[in-house]
1. Suppose each label sits 7 Å from its Cα in the direction of the beta carbon; what would the Ser275-Val156 distance come out to in nanometres?
2. How much accessible surface area, in Å² rounded to 10, belongs to the heavy atoms of Ser46 with a 1.4 Å probe?
3. Volume per residue, Å³, of the convex hull around the alpha-carbon atoms of the chain?
4. Just going by the charge dipole of the chain, with Lys and Arg at +1 and Asp and Glu at -1 on Cβ, which of Tyr152, Phe265, Leu84 is farthest out on the positive end?
5. If a/c stays under 1.5 just call it rounded; otherwise compare a/b with b/c (prolate if a/b is bigger, oblate if not). Do that for segment 145-293, with a ≥ b ≥ c from the square roots of the Cα gyration tensor eigenvalues.
6. Write down the Kirkwood hydrodynamic radius of segment 152-204, to one decimal in angstroms, obtained as one divided by the mean of 1/r over all alpha carbon pairs.
7. In debye to the nearest 20, how big a dipole does the chain give about its Cα centre with +1 on each Lys and Arg Cβ and -1 on each Asp and Glu Cβ?
8. With only alpha-carbon pairs counted, each pair once and no self-pairs, how large is the Kirkwood hydrodynamic radius of segment 74-188 in angstroms?
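The values are calculated or read from the model by the stated rules, or taken from the named source; none is laboratory data. Everything numeric in this text was worked out from a predicted model, so none of it was measured. Don't worry about glycine lacking a Cβ; one is built from the backbone with ideal geometry, like all the others, and counts go over all protein chains shown. Areas reflect the complete protein model, heavy atoms only, side chains present, ligands, DNA and RNA absent. Shrake-Rupley method; radii C 1.70, N 1.55, O 1.52, S 1.80 Å.
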Amino acid sequence: MAAKRGRTAQRLELGLQLRQLRENCGLGDRGGGFTRKQAAQGLRISEASLQRIEGGSLNFRNVGDLRKLLDKYGVTDENVIEALISLNRESNNHDWLTQYRGLMPAGMPGFVGLEPEAQSMKAYHPTLVYGLLQTERYALALHQVHKSIEEYTSEVIRNSVALRMKRQEVLTRENPVRLHAILGEAALRYPVGGDEVMHEQYEHLCELSDWDHVTIQVLPFRPSYRSSSDFAVLDFGDQLPPRVQADSAWGSVSTSDKPREVDRFNRRFAAMTASALPPEETPQFLHQLERKL
């Protein structure tokens, strides 16, 4: 199973299993598991590195440290040990995301790496068309606007747009991700790239809204609850815990699989779903905007 999954998902799966083993193993006669500091003692990795491994952003460079850790946790089943070692080894291989890692803000590679593993996604953006719904020309124009401010090179822009288009394959593959997106009215009125680009973008959204696995709603300008920042929630079914992603003011990306955080953003999304226009009214809203171009 592990070999069929993306490297990010493999690292996350390894980290989750190791965290569960650490928290559930006995500690002398007291039980109750180890702290990360206790678990890292005697190994050639630091407490901080173990935290990153458990979070899915790092794996073991030396398999001996993994074996020692499993021994400390009381794992004696050779099948379990070999399965975890194999998962660690496979997760260290390069994948399609490797060439794009330098283009993304801190925290984003982990989230992008998990998108293909998701069964469903909820996404909200108040001021821009959500990335998985953007046309190539819209994405290019958006990057061009930020070129001088962010000091982007033409190559960076070209590769960033290619990455965005690559990510959209989760919607067109054989078993596509089910996407429910809410766009603030401002996201659709904000002009990006001129009338032709916006016309194409509106038409693309209309087309996507007809797909069975894509739901698009518009949150109009009227008194109602709305989140001030964009976010997305990934659901993996029974494979992995759901995960939420939100942008920070510093340009980095924060992700969490803590149930309390995921539930908080799910409540936000549910509130906006109730306030947004019904999905069947989205094409009509977009056509009204087109006529004003």
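1. Output for this residue pair reads 3.5 nm.
2. Accessible area of Ser46: about 60 Å².
3. Values: hull volume 43.5 nm³, N = 293.
Measuring per residue, one finds 149 Å³ for the Cα hull of the chain.
4. Toward the positive end, the furthest listed residue is Leu84.
5. Values: a/c = 1.39, a/b = 1.10, b/c = 1.26.
Rounded shape, in that the Cα axes give a/c under 1.5.
6. Working: mean 1/r = 0.0742 Å⁻¹.
By the Kirkwood definition, the hydrodynamic radius is 13.5 Å.
7. Numbers: 37 positive and 38 negative charges, 218 e Å.
Using Cβ point charges on Lys, Arg, Asp and Glu, the chain gives about 1040 debye.
8. Values: mean 1/r = 0.0603 Å⁻¹.
For segment 74-188, inverting the mean 1/r across all distinct Cα pairs yields 16.6 Å.
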